[in-house]
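Structure, as structure tokens:
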Amino acid sequence: MSYRRSLMLCLLALVPLPSIAEPGVTTLEATRSEWSTYRFPLFESGSAAPERINIYLHAFELDGLPGRFEQSPFERIWPTGGAGHGVVSLDYEIHAKTPGFLSLDIIGEYYGAYLSLGRNSYAFSLADGSPLSLPALFSEAGLQRVQQRISQARVGRIETFLVQLPVDGATGDEAETIAIQRAMYGECLPRHQDTTLDHDRLVLEPTQLTLIAGGCSAHAVRALDDLGEFPNSFAYADLATELSAYGRCLLLEQRSDCRDLSNPQISGVYRGVVDRQQRTLVIAPPDTSGSSRAFYFRDKDASKVELVAKRRVDASRIQLREQNAVPAMFELQIDRDGRLNGTWQPEGEVAVPVELH
């Protein structure tokens, strides 16, 4: 059967999820073969928050906008032609849906140089659909203390494993395995001695949060990585003194009206008119260096434009440079209502005012 014909047989459906028992969630599904299946959440969009969550997830995971596709919402990510690179299966898992926040994992099987399984974790405020990050949930001092606790736990876990490895007496394959593990975990130690948690997955459950760092091994020696991932869990009740006021409202009090008004963060989904076209801007929360992924979609044809994000010392400001043949620059500032105001300026032309919300 030809590839084109197999695409035409793709099954797409909106299927209720009685097994998950999460109101307001349906599943986008597609099947390309017995072993290549795709499932993706679509949240009820009766208000702005779920609509923004849908846009954010589609943008980062499906490389498009909700409802904007020719044959399937998965058509931009699955392997095409003879290249073989792409997502060969996709699923999701919802960890929590409280009055204030939503937490879920997108689980994918990816084919590139080799076949690999990966998880991306997402957490959102249900008040406005914005992505949640550790700097928003914790006070600055509280986050530093949590980092120290996690660093000590992970370093201790590695050092305990290394101490237990035989020093001598091993021969052949056993000796080679021990040598590989010593080198692998020895190189991994510095990463956890001064961790920033930038690459940790954040999983919010009803009563606790978990931060998960990836394993120490490269793909070629993954079978020898006995420690695997590094998860650290904390009950919300035990984090009361570490959380910000916003974090306590969301996680401890589990309220639906929580707003981070004292320290608004430039991240999430914003829409507005730029250069006489409606555009949808999507920005990930920054890491500790201020870097983040960003891009926008032209609503006319759903085409995507990559952006290079440069955050200012003042966290309320951001600069976004378009990666186009003719570069253009956004200079934006967030106000207390969450709107982005500023200018958009193509290289060599006059800046025009923009407002995104």
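The values are calculated or read from the model by the stated rules, or taken from the named source; none is laboratory data. Bear in mind that the values here come from a model prediction, so they are computed numbers and not experimental data. Cβ placement follows ideal geometry from the backbone for every residue including glycine, while neighbour counts extend to all protein chains displayed. Each accessible area value is taken on the protein alone, full model and side chains, heavy atoms only, with ligands, DNA and RNA left out. Shrake-Rupley method; radii C 1.70, N 1.55, O 1.52, S 1.80 Å.
So if each residue of separation counts as 0.36 nm, and I subtract the Cα-Cα distance between Arg259 and Thr288, what length gain in nm does that give?
Working: separation 29, 0.36 × 29 = 10.44 nm, distance 2.21 nm.
Separation in residues times 0.36 nm, less the Cα-Cα distance, equals 8.2 nm.
Could you derive backbone 3J(HN,Hα) for the stretch 323-339 from the dihedral phi with the Karplus parameters 6.51, -1.76 and 1.60 (θ = phi - 60°), listing whole Hz in sequence and x where the residue is Gly or Pro?
Coupling constants for the stretch 323-339: 9, 10, 4, 10, x, 9, 10, 9, 10, 10, 9, 8, 9, 5, 8, x, 7 Hz.
Evaluate the chain: find the radius of gyration of its Cα atoms, find its Kirkwood radius, and give the ratio Rg to Rh.
Working: Rg = 22.4 Å, Rh = 22.6 Å.
Answer for the chain: 0.99.
In whole Hz, with x marking every Gly and Pro, tabulate ³J(HN,Hα) for the stretch 182-198 from phi via Karplus 6.51 cos²θ - 1.76 cosθ + 1.60, θ = phi - 60°.
With the stated coefficients, the stretch 182-198 comes to 4, 5, 4, 6, x, 6, 7, 4, x, 4, 9, 6, 9, 6, 9, 6, 4 Hz.
Around Gly228, with a cut-off of 14 angstrom between Cβ atoms, what is the net charge of the other residues, counting Lys and Arg +1 and Asp and Glu -1?
My count for the surroundings of Gly228 gives +2.
Pick out which of Glu229, Glu29, Glu75 has the largest mean-square fluctuation in a Gaussian network model of the chain, springs linking Cα atoms closer than 10 Å.
Between Glu229, Glu29, Glu75, it is Glu229 that shows the largest mean-square fluctuation.
I'd like to check one number: the per residue accessible area of the stretch 49-142, probe 1.4 Å, reported in Å² as a whole number.
Working: 3470 Å² over 94 residues.
So the stretch 49-142 comes to 37 Å² accessible per residue, rounded to a whole number.
Hey, with R₀ at 41 Å, roughly what FRET efficiency would Trp35 and Ile180 work out to, going by the Cβ-Cβ distance, to 0.05? Each step should come with its number before you reach the end.
On the way: r = 31 Å, r/R0 = 0.77.
Using R0 = 41 Å, I get an efficiency of 0.85.
Find, among the trypsin sites (Lys or Arg not before Pro) in the stretch 217-304, those assigned to loop by DSSP (not H, G, I, E, B) with at most 10 other beta-carbon atoms within 10 angstrom. Write out the running numbers ahead of the final one.
Values: sites: Arg222, Arg248, Arg255, Arg259, Arg271, Arg276, Arg279, Arg293, Arg298, Lys300, Lys304; in loops: Arg255, Arg259, Arg276, Lys300.
Qualifying residues, ordered by number: Arg276, Lys300.
Could you tell me whether the stretch 15-161 comes out rounded, prolate or oblate from its Cα gyration tensor? Rule is a ≥ b ≥ c as square roots of the eigenvalues, rounded for a/c under 1.5, then prolate if a/b exceeds b/c, otherwise oblate.
Note, shape of the stretch 15-161 comes out oblate.
Give, in nm to one decimal, the length gained when the segment between Tyr114 and His85 is fully stretched (0.36 nm per residue of separation minus the Cα-Cα distance). Let's see the in-between values first.
Values: separation 29, 0.36 × 29 = 10.44 nm, distance 0.92 nm.
Here the segment from Tyr114 to His85 would lengthen by 9.5 nm.
Once you order the gyration tensor axes a ≥ b ≥ c over the Cα atoms, which shape class does the stretch 197-302 get: rounded for a/c under 1.5, otherwise prolate or oblate by comparing a/b with b/c? Please report the intermediate quantities before stating the final value.
On the way: a/c = 2.82, a/b = 1.26, b/c = 2.24.
In terms of gyration-tensor shape, oblate.
Sequence-distant or interchain residues sharing an amide H contact under 5 Å with His95, placed H: which?
Ser103, Leu104, Asp105
Got a sec? Which residues in the stretch 283-302 would a label at Asn324 touch, if it sits 7 Å along Cα→Cβ and we count backbone N under 16 Å?
295-302
How much FRET efficiency would the formula 1/(1 + (r/R0)^6) give for Leu162 and Ser233, where r is the Cβ-Cβ distance and R0 is 22 Å, rounded to 0.05? Write out the running numbers ahead of the final one.
Working: r = 24 Å, r/R0 = 1.08.
After rounding, the FRET efficiency stands at 0.40.
Could you check the simple spin-label distance between Val313 and Thr171, using points 7 Å along Cα→Cβ, in nm with one decimal?
A separation of 6.5 nm, rounded to one decimal place.
Test of understanding: what is the full-extension gain from Arg68 to Asp299, defined as 0.36 nm times their sequence separation minus their Cα-Cα distance? If you can, show how the numbers build up before the last one.
Details: separation 231, 0.36 × 231 = 83.16 nm, distance 0.92 nm.
Value of the extension gain: 82.2 nm.
May I ask you to derive the FRET efficiency for Gln277 and Ser47 from their Cβ-Cβ distance with R0 = 22 Å, giving the value to the nearest 0.05? Intermediate values should be presented prior to the final figure.
On the way: r = 25 Å, r/R0 = 1.15.
According to the calculation, E is roughly 0.30.
Taking amide H atoms as placed 1.01 Å from N in the peptide plane, list the residues 5 or more away in sequence, or in a different chain, whose amide H sits under 5 Å from that of Arg293.
Amide H neighbours of Arg293: Ala284.
In whole Å, what is the distance between the alpha-carbon centres of the stretch 94-125 and the stretch 26-49?
Going from one Cα centre to the other spans 13 Å.
Can you compute 3J(HN,Hα) from phi for each residue in the stretch 306-317, using the Karplus curve 6.51 cos²θ - 1.76 cosθ + 1.60 with θ = phi - 60°, rounded to whole Hz and x for Gly and Pro?
With the stated coefficients, the stretch 306-317 comes to 6, 10, 9, 9, 10, 8, 8, 4, 6, 5, 7, 10 Hz.
For the chain, set up a Gaussian network in which alpha carbons nearer than 10 Å are linked by springs, and say which option among Gln152, Gln164, Gln254 fluctuates the most.
Gln164
Using only the Cα atoms of the stretch 114-201, build the gyration tensor, take square roots of its eigenvalues as a ≥ b ≥ c, and label the shape rounded, prolate or oblate: rounded if a/c is under 1.5, else prolate if a/b is larger than b/c, else oblate. Please report the intermediate quantities before stating the final value.
Values: a/c = 4.57, a/b = 2.01, b/c = 2.28.
Taking the square roots of the gyration eigenvalues as a ≥ b ≥ c, the stretch 114-201 is oblate.
Under a 10 Å cutoff between Cα atoms, tell me which one of Ala325, Ala179, Ala141 has the largest fluctuation in the Gaussian network model of the chain.
The residue with the greatest mean-square fluctuation here is Ala325.
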